[in-house]
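Chemist: Take this structure, written in structure tokens, and hold onto it; I'll ask about it next.
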Amino acid sequence: MQSEAFVRELVKLQKPAKRMELLIGDPGQEPITKISGTPWWPKDCKRPRCERYHPMTFMLQVWLADVPTIANEAQGLLSFHYCSQCMYNGHMSFGFQDQANRGYDVRIFEDVKCEVDGSGKLVEPLLPQA
């Protein structure tokens, strides 16, 4: 059983949060917060590849306005990919490590009004569609 003093201290740490609801299907190349599916990606930007030139797997994208602690300061869409092929080959959690000691690609796109590449999924997602 929790003491009342502990609960009072814990309540002081509460922060506003948003709840992500996973829906069946993929809305496509939309600049929205989502897990898996087809990423929003600008037409004139190459999709991420690892140092061994494997196409990276799209994991998630986050519309920064959806993040309560930075919603007023940050704008744009954060996109996260990593190389599942290197992970499978090397049995490492984030695949082949590059010179910057990372096996992933994280980018923030501030302008989401440009045309999308229309390429769909380059690599089958690791996460099932909700």
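Chemist: For the list (1) of a type outside the set (Asp, Glu); (2) surrounded by fewer than 15 Cβ atoms within 10 Å (Cβ to Cβ); (3) farther than 17 Å from ARG107 by Cβ, I need the number of the one condition that ILE32 fails.
Modeler: (3)
Chemist: Let me ask something additional. For region 58-66, state whether one or more residues are within 26 Å of LYS113 (Cβ to Cβ), assigned to a helix (DSSP H, G or I), in contact (Cβ under 8 Å) with a residue 24 or more places away in the chain and of a type outside the set (S, T, N, Q). Walk me through it before giving the result.
Modeler: Start the filter on region 58-66 by keeping residues that are within 26 Å of LYS113 (Cβ to Cβ), which leaves 58-66.
Among the residues that remain, those that are also assigned to a helix (DSSP H, G or I) are: 64-66.
Now restrict to residues that are in contact (Cβ under 8 Å) with a residue 24 or more places away in the chain: 64, 66.
Next, only the ones that are of a type outside the set (S, T, N, Q) stay: 64, 66.
So far as region 58-66 goes, yes, one or more of its residues are within 26 Å of LYS113 (Cβ to Cβ), assigned to a helix (DSSP H, G or I), in contact (Cβ under 8 Å) with a residue 24 or more places away in the chain and of a type outside the set (S, T, N, Q).
Chemist: Another question, if that's okay. Out of region 50-65, which residues are open to solvent by 60 Å² or more (accessible area, probe 1.4 Å) and either at pLDDT 90 or above or under 25 Å from LEU13 (Cα atoms) (or both)? Give the derivation first.
Modeler: Let us first name the residues in region 50-65 that are open to solvent by 60 Å² or more (accessible area, probe 1.4 Å), namely 51-53, 63.
Residue satisfying the conditions is TRP63 alone.
The values are calculated or read from the model by the stated rules, or taken from the named source; none is laboratory data. Treat the numbers as computed from the prediction; the structure is a model and nothing was measured. Note that each Cβ is placed from the backbone with ideal geometry, even for glycine, and that neighbours are counted across all protein chains shown. Ligands, DNA and RNA are excluded from the accessible area calculation, which covers all protein heavy atoms including side chains. Shrake-Rupley method; radii C 1.70, N 1.55, O 1.52, S 1.80 Å.
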